[in-house]
Amino acid sequence: MADEIDLDDVVISQQAFQAWRQFAKSVVTSLVHSKESHDIPDERARINPDGSLTIFVAFPGEEEVSMKIPPGDWTPRKIS
């Protein structure tokens, strides 16, 4: 499995950002409607062997919620 990285270390396209935001909103909405209370951890990312990026949130005791971003829709952030 690829190492986790901070989402602040990458730049994603506007399209990928909007897709993640919509996806995350739907996940949070369904968590709010469930009977269980959840603290929402920070988003993280993994660079996959195929060059794609997986953005995810790992909830304690549950499977992670994730979305794959194609290689052309993200780049590493350049540190100056």
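Before moving on, here are some points about what is shown:
- Estimated from the Cβ-Cβ distance and a Förster radius of 25 angstrom, the FRET efficiency linking Asp39 and Lys78 is about 0.15.
- The H on the amide N of Ile69, modeled in the peptide plane, is under 5 Å from the matching H of Leu53, Thr54, Ile55, each at least 5 residues off or on a different chain.
- Inter-label distance, Phe59 to Phe23: 1.6 nm, where each label sits 7 Å from its Cα along the C-beta direction.
Any read-out appearing in this document is the output of simple, stated calculations on the displayed coordinates, not a laboratory observation. Given the structure is predicted, the values throughout are model-derived calculations rather than measurements. Cβ: placed from backbone, ideal geometry, glycine included. Neighbour counts: every protein chain shown.
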